[in-house]
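K.L.:
I have a structure I would like to understand better, so I am pasting it below and will then ask my questions one at a time.
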Amino acid sequence: MRTEHHGNIEFHWNGKRRLSAREAARIQSFPDDMEFLPSTSQAYKQIGNAVPPILGWHVAKSVESFLNRNLK
């Protein structure tokens, strides 16, 4: 997901509108109750710059597993 949101960088499947910040957050696996402040413009940047939470969780679990196997 790109951080810029001018024009139609990312667009809705029907092609008639762009994704909302909330839709972009869902694609990136953020929970629906996550707040992005202070503005929608900043929300697009925060979402685009973030490591998706579910991806981060999987990476952390892999690192944990590696460390548990190799540091015993």
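Nothing in this text is a laboratory measurement; each read-out follows from the coordinates by a stated rule. Being a predicted model, the structure only gives us computed values, none of them experimental. Cβ placement follows ideal geometry from the backbone for every residue including glycine, while neighbour counts extend to all protein chains displayed.
K.L.:
Under the Karplus relation 6.51 cos²θ - 1.76 cosθ + 1.60, θ = phi - 60°, what is the ordered set of whole-Hz ³J(HN,Hα) values for the stretch 57-67, x standing for Gly and Pro?
P.N.:
After applying 6.51 cos²θ - 1.76 cosθ + 1.60, I find 4, 5, 4, 4, 5, 5, 5, 4, 4, 4, 5 Hz.
K.L.:
Pop a pseudo-label 7 angstrom from the Cα along the beta-carbon direction at both L55 and I27 and give the gap in nm to one decimal.
P.N.:
Rounded to a tenth, the inter-label distance reads 1.2 nm.
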